[in-house]
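What follows draws every value from the coordinates through simple rules; no lab data is involved. These numbers come from a predicted model, not from an experiment. Heads up, the Cβs are rebuilt from the backbone with ideal geometry, glycines too, and the neighbour counts pull from every protein chain shown.
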Amino acid sequence: MTSIPVLIVDDEPLAREGLSLRLSDYQDISVLGCCRNATQAHNMMALNQPEVIFLDIEMPGQTGLEFAQQLREEGNPAKIVFVTAFREFALNAFDFQAFDYLLKPFSNERLKACIDKILSARDVTSVVRKHQKLDALLSRKTGNSIDSLIHSLEVSNYDDLHELQQIISLKSGSQWIRVKLDDIVWIEAAGDYMCVHTHSETHIIRKTLKQFEEELDSVHFPRVSRSAIINIAKLSTLTPNSNGEYVAQLGDDIQVKVGRKYKFSIDELKP
């Protein structure tokens, strides 16, 4: 894993140099630069985005608290570690969602505790991102979200992965049922419920259309209106009607309205 880029912002030259020297002892930390005020820091951040900012509070011009507030309003995700000689600023610092607070003069042990906290937070963030990436990949490849996949594994016995990729588990009333993805023709929103239509029956599911969108592969199950998702493999024709919308013919006897803004994405998916 790459080192964590940090920025030091302090109006005292010795404080900047001293903290930079102490941080150089940590191979997981990379100091992008040292700035004497908030304006200089903001300009440097336009070129290099730090993950952590060691920020003095009492500075001429814009204070550290004011700069932290500006960054939050801009949506900047950098973690703020306030560094100050004034204990009375501690409560204010945490009001500004400070990640940590170092009271000058701080010991090497206290700095190490701060660095360890930074590294742990990065590990957690990495795990969350990997979880999100895996969830998206599973949805594209199998039509199942991680939660759906875990539940399927808990309640079912599968002979192989191929079978797992073809099944979705749905809760109908108090029962969990397994439905083959290939059997689904379309999904229709009906108030607080979803109607999952197959060729032979309809399952009433307490779920939202957005949840189905997240769990199913949009390439195979695109949304065609505010209230419907179709199985693209069942689409035979797409015909315009008189009001500028379209009608998707699914098999011999099923027709589903397609909103105008969804029509182009359907055209791209048709074989």
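When Asp100, Asp116, Asp56 are sorted by how many other C-beta atoms sit within 10 angstrom of their C-beta, beginning with the fewest, the order is Asp116, Asp100, Asp56.
May I ask you to compute the full-extension gain from Ser120 to Lys263, defined as 0.36 nm times their residue separation minus their alpha-carbon distance, rounded to one decimal in nm? Result: 46.8 nm gained on full extension. Cross-link pairs exceeding 21 Å in C-alpha to C-alpha distance, out of Lys79/Lys112; Lys171/Lys210; Lys180/Lys263; Lys234/Lys257; Lys180/Lys207, comprise Lys180/Lys263.
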